[in-house]
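Notes for the one structure printed next.
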Amino acid sequence: MYFLFLRSGKNFMCRLQCMFSHSSSSESRLSLEDTQQWSQSLERLLESKYGLATFRNFLKSEYSDENIEFWLTCEDYKKIKSSFRMSSRAKKIYEQFVKAESPKEINIDYHTREQIKRNVKTPTMHCFDDAQKIVYGLMERDSYPRFLRSDIYRILLENLAADATKG
């Protein structure tokens, strides 16, 4: 994906816009101003549907998307109302992201991992909060600055700036 993007930044922009093209209004289109605002904070980046999609693609290109996937999964988990679904989903999240040697193991300390292991036995909507905060901090300090320095972000800004001057 990363090398494909480097060869064709315009193609990536088109794919991004097509992913969210159910509305043709100008406010739903990827703009230079919105894209520039992604550099203000990780929170601003993740609030943008295009920002989130671009960041996820960047992380996938680096084979380091487990943190964003965990963070997003936790955001969805917090919306669950049914205690049965919450219990089932908590176990799946634990098995996929938290358990040592899991397929998408996140980088958290032993104490937090053990606390989650206990929490999952009687899950609440907050049982992953500590791990989610740790993962967010890791993304904020590591992945996000790399993204801002990446060719993906730079080329996207350049293409949008060029399109804006063409008017």
Subject >> Kirkwood hydrodynamic radius of the stretch 26-96, Cα pairs, Å >> reply: 13.9
**OP:** Could you work out the equivalent-ellipsoid semi-axes for the stretch 60-161, taking the square root of 5 times each eigenvalue of the Cα gyration tensor, largest first, in whole Å?
**Re:** 30, 15, 11
**OP:** Excluding residues fewer than 8 places away in the same chain, name every one of the lysines whose C-alpha is closer than 21 Å to that of Lys166.
**Re:** Lys10
Original post:
When the convex hull of the Cα atoms of the stretch 103-159 is projected onto a plane and the area is averaged over all directions, what value comes out in nm²?
Top reply: 5.5
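None of the figures in this text is laboratory data; all of them are computed from the coordinates on show. Quick caveat, the model's predicted, so the values are computed rather than measured.
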